[in-house]
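The block underneath contains the structure these notes are about, expressed in structure tokens.
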Amino acid sequence: MAGTLMTESGVRQVQRRTVVLLSAAQIFGGIGTGATVSIGSILAVELSGSSAWAGAVATVMTLGAALAALPLASLADRRGRRIGQVAGLSAALLGTLLMVLSIVWGVFFLLVLGAAGIGVGTAASLQARFAAVDLADAEHRGRSLSAVVWAVTVGAVAGPNLIQPGTVVGEALGLPPVAGPFVISGAGLLVATVLLFAGLRPDPLLLARSLAAAAAPAQAVTPVPGSATAEALSVPPPSIRGGSLARGMRAIRNSRMALLAVSAVVGAHAVMVGVMSMTPLHLQHLVEGPAASHAGHTASGDVLVIIGFTISLHIAGMFALSPVMGWLTDKAGRTETIMIGCGLLITAVAVAGFGQGSTVAVAVGLVLLGLGWSASTISGSTLLAESVGQDSRVVVQGVSDMLMGIAGAFGGAMSGLVLSQAGYLGLNMAGALVGVAVLAAAAVTVMARRRGTLVP
């Protein structure tokens, strides 16, 4: 295949299979993240002996994703999407094993290491959306991307609700009941890894490059504008594209719209992680009383069910309506959808914060929080891709994922401190400030565009 130019129909067939495989892997791989998010803060308090470490798991997960973003992108750049995805999922699989061992042995450090491994898997999951468009026609790019993002919903929503069945699995295997959900997570990640390793052939990124290499010198075909072949021919060779952090940051700084896009993605992620990571601990405190947050206290089965259901609803808000957010981004506009996302974020933290005494209000707030994240992330990512040159696009996407992870790590780290000092309401109000800042920047951009004074 490397020496011949695949027909457009052949490329479309590979593209369809690629999207199906990536979507299936997202379903199985998403189980691991859902379970970790749901009970990570509770396990951190139990194993560390201090509520000050409540945000450690969320922090390390997001920091792991941030630190892995550029290395995984670099690996995919050199070896293809298949190797990059398999490497990330394998790290997550190892992370679930460490999670189980941390519970069995009561070692907090292993819990942290496991969270880091799952964070690497999160980075791979984020980059799967880019793999879905390597061979996509221009008119189908949004549909392909949203299909892979939407697929996260099934596994991620199922993950938290496997907590209770997972306890049965744990007991059946002679493990502590709370270790059971991570056994199920590991099984899902194993299936996802095998699917991509065996099935993602030909590799979409390497095929796109082979199309360019075969077609450009021979001038064998005249590609249809917007087709996969045309897109492949427009991709500069690796020696030109590079892959440095400095180059990506420079491309972002040189574009006002790229700065807004990154601000939307990063800000929304920081707010989402900060509020979401402390919600399980708040719900445990709300249902069982103040003593529930003390070290050594084990959450009851009823509390775990409430937490799992709430986090499931939140993750559904993040991913289930992603095709709608993609449609809204195309129809209403990128900047306008960023404003809608910020409005949802502000509404979410107001509902959850002021309704902190009600499990229903907190759940509604978490759903709105997921919707706001979805709108901001999809519109911001789309705007970012359109705001930089083709030669910088892959690097900028990697930098954006890295900054997104760092923001989430910072939000997770600070959330425990803010919760202990200002309570759940104070935590939500801190998130509101971030949402207002991004909303104001987007509003200024819209007004400047309408006045005709916008500088790209």
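Computed from the coordinates by the stated procedures, all read-outs in this text should not be read as laboratory data. Just so it is clear, the model here is predicted, and its values are computed rather than measured. Counting neighbours? That spans all protein chains shown, and the Cβs are built from the backbone with ideal geometry, glycine included.
Take each peptide in 403-415, 431-443, count the other Cβ atoms within 10 Å of every residue, and average; sorted highest first, the result is 403-415, 431-443. 3J(HN,Hα) along region 70-83: 5, x, 5, 5, 5, 5, 5, 5, 8, 10, x, 5, 4, 5 Hz, from the Karplus curve 6.51 cos²θ - 1.76 cosθ + 1.60 with θ = phi - 60°, whole Hz, x for Gly and Pro.
Couplings 3J(HN,Hα) for region 265-278, derived from phi with the Karplus relation 6.51 cos²θ - 1.76 cosθ + 1.60 (θ = phi - 60°), are 5, 5, x, 4, 5, 4, 5, 4, 5, x, 6, 5, 5, 9 Hz, where x marks Gly and Pro. In this calculation the C-beta distance from Leu190 to Val305 is compared with R0 = 25 Å, giving a FRET efficiency of 0.40. Compared with the direct C-alpha span, the chain from Val107 to Asp330 gains 75.4 nm at full extension, assuming 0.36 nm per residue. Label-to-label distance for Met447 and Arg143 is 4.0 nm, based on points extended 7 Å past Cα in the beta-carbon direction. Here the 3J(HN,Hα) profile of region 14-23, calculated from phi with Karplus coefficients 6.51, -1.76 and 1.60 at θ = phi - 60°, is 4, 4, 4, 5, 4, 5, 4, 5, 4, 5 Hz, Gly and Pro shown as x.
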